[in-house]
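Asks: Before I ask anything, let me first share the structure, which is written out below as structure tokens.
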Amino acid sequence: MQSVLNSVKGTALNVAEYLTPVLKESKFRETGVLTPEEFVAAGDHLVHHCPTWQWAAGDETKTKPYLPKDKQFLITRNVPCYRRCKQMEYVGEETLVEEESGDGGWVETHQLNDDGTTQLEDKICELTMEETKEEMHTPDSEKSAPGAGADAEDEDDDEAIDMDDFEESGMLELVDPAVATTIRKPEPEAKASPVAAASGVAEASGDSVLHTRTYDLHISYDKYYQTPRLWVVGYDEQRKPLTVEQMYEDVSQDHAKKTVTMESHPHLPGPNMASVHPCRHADIMKKIIQTVEEGGGQLGVHLYLIIFLKFVQTVIPTIEYDFTQNFNMS
């Protein structure tokens, strides 16, 4: 049902974009929107400071006349995505520990065992302290042999060996087993374990190669909302296109199928692509501009896409594309 609604909204917005006139006068500081010329200027700044991004022309039949033919949209390829969003979610329990003074507390995060106790509590309960010796004992230390203490005392009583006698005995020429050189026999090639295959690690000739999902990211100019718009298309470890549901695994669950929807690309033919809807981009940028100005600074329009990539990453946190320069809001 949600996909049907998104499809209807997308069609209506395409009609509205067609009817919307091109923004000619800059309203960047007042409303956080961009003119096509400002979008191109911000794109040139992004390409200059982050060369992994490049301009693309797209399909000739979909060229927008208000943008240069060779600068229709921005693209970066093969961006790694090592984890799924659900792997970032913490599974456990939070306990508020109150202070005696009542001034506040802190949150203790831990995982429970099957019997309801924590591993940390078990370890603490097993620790013992002898009254006669200031020494901490753990269950592992008590597994040593009963005569270990006596042997240690005997070793302390022995006299130190004279190094001249030790050298004359020829024992320095003996091979120490701890540093002995070993020769590994060639082993037959083994198949990759299911665990390695599932984690994306392929073993070949003793080397481990990490295979991961990758994404191609596009930034287009949305004429209706007058802001940039991010598009993503994903590939699996074998460079095969991801399904829609697989791509939603890499989207924050708060935004999947709501902020991120499947729509047709404005500059490329083919199947729909995942897109971060731009309906809130101008509002967010306006708040950032106000925050910078309240701190006595001034935000140039050329920084728009660098800031845009930073706040959009909250929607797709596992796609590691943001290698742009740092930005200080103070």
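Asks: Listed residues Tyr304, Tyr235; which is hydroxyl-bearing (Ser, Thr, Tyr) and without any contact (Cβ under 8 Å) to a residue 24 or more places away in the chain? Please lay out each step first, then the result.
Replies: Values: Tyr304 fails: without any contact (Cβ under 8 Å) to a residue 24 or more places away in the chain.
Being hydroxyl-bearing (Ser, Thr, Tyr) and without any contact (Cβ under 8 Å) to a residue 24 or more places away in the chain holds for just one of Tyr304, Tyr235, which is Tyr235.
Asks: Across the stretch 17-37, which residue is nearest to His302 (Cα to Cα) among those that are at pLDDT 95 or above and aliphatic (A, V, I, L, M)?
Replies: Leu34
Asks: Here's another thing I want to ask about it. Would you be able to say whether some residue in the stretch 230-252 is more than 21 Å from Thr214 (Cβ to Cβ) and acidic (Asp, Glu)?
Replies: Taking the stretch 230-252 and keeping what is more than 21 Å from Thr214 (Cβ to Cβ), we get none.
No, the stretch 230-252 contains no residue that is more than 21 Å from Thr214 (Cβ to Cβ) and acidic (Asp, Glu).
Asks: What number of residues within the stretch 239-257 satisfy the criterion of being assigned to a loop (DSSP other than H, G, I, E, B) and without any contact (Cβ under 8 Å) to a residue 12 or more places away in the chain?
Replies: Let us first name the residues in the stretch 239-257 that are assigned to a loop (DSSP other than H, G, I, E, B), namely 239-240, 242-243, 249-255, 257.
Narrowing further to those that are without any contact (Cβ under 8 Å) to a residue 12 or more places away in the chain: 240, 243, 254.
The total comes to 3.
Asks: Give just the number: which of (1) over 26 Å from Trp55 (Cα atoms); (2) touching a His at 6+ places or on another chain (Cβ under 6 Å) does Glu249 not satisfy?
Replies: (2)
Asks: Sticking with this one: Output the residues belonging to the stretch 63-73 that are open to solvent by 30 Å² or more (accessible area, probe 1.4 Å) and either touching a strand residue (DSSP E or B) at 6+ places or on another chain (Cβ under 7 Å) or not basic (Lys, Arg) (or both). Quick ask: steps written out before the conclusion?
Replies: If we filter the stretch 63-73 for residues that are open to solvent by 30 Å² or more (accessible area, probe 1.4 Å), which is where we start, we get 63-66, 68-71.
Correct list: Thr63, Pro65, Tyr66, Pro68, Asp70, Lys71.
Asks: Is it the case that the stretch 285-297 has a residue that's open to solvent by 60 Å² or more (accessible area, probe 1.4 Å), over 14 Å from Phe28 (Cα atoms) and either modelled with pLDDT under 90 or of a type outside the set (Ser, Thr, Tyr) (or both)?
Replies: Among the residues of the stretch 285-297, at least one is open to solvent by 60 Å² or more (accessible area, probe 1.4 Å), over 14 Å from Phe28 (Cα atoms) and either modelled with pLDDT under 90 or of a type outside the set (Ser, Thr, Tyr) (or both), which makes the answer yes.
Asks: Of all residues being within 20 Å of Lys223 (Cα to Cα) and touching a residue at least 40 places away in the same chain (Cβ under 8 Å) in the stretch 64-80, which is farthest from the chain's Cα centre (by Cα)? Just the residue, please.
Replies: We begin by selecting, within the stretch 64-80, every residue within 20 Å of Lys223 (Cα to Cα); these are 64-75.
This time we only want the ones that are touching a residue at least 40 places away in the same chain (Cβ under 8 Å), so: 64, 66-67, 72-75.
Numbers: Lys64: 34, Tyr66: 35, Leu67: 33, Gln72: 28, Phe73: 25, Leu74: 22, Ile75: 19 Å.
Per the stated criteria, the residue is Tyr66.
Asks: Related question: Any idea which of (1) basic (Lys, Arg); (2) modelled with pLDDT of 95 or more; (3) surrounded by fewer than 19 Cβ atoms within 10 Å (Cβ to Cβ) is the one Arg229 doesn't satisfy?
Replies: (3)
Asks: Considering only residues that are open to solvent by 50 Å² or more (accessible area, probe 1.4 Å), more than 14 Å from His218 (Cβ to Cβ) and either touching a helix residue (DSSP H, G or I) at 6+ places or on another chain (Cβ under 9 Å) or not in a helix (DSSP H, G or I) (or both), which ones fall in the stretch 15-62?
Replies: Matches in the stretch 15-62: Pro21, Lys24, Glu25, Ser26, Lys27, Arg29, Glu30, Thr31, Asp44, His49, Pro51.
Asks: Moving to a separate point now. Got a sec? Which of Tyr221, Tyr235 is at pLDDT 95 or above and more than 21 Å from the chain's Cα centre (by Cα)? Walk me through how you get there before you give the answer.
Replies: Working: Tyr235 fails: more than 21 Å from the chain's Cα centre (by Cα).
Of Tyr221, Tyr235, the one residue that is at pLDDT 95 or above and more than 21 Å from the chain's Cα centre (by Cα) is Tyr221.
The values are calculated or read from the model by the stated rules, or taken from the named source; none is laboratory data. Since the model is a prediction, treat every value here as computed from it, not as a measurement. Neighbour counts are summed over all protein chains in view; Cβ atoms, including those assigned to glycine, are modelled from backbone coordinates with ideal geometry. All accessible areas refer to the heavy atoms of the entire protein, side chains included, with ligands and DNA or RNA removed. Shrake-Rupley method; radii C 1.70, N 1.55, O 1.52, S 1.80 Å.
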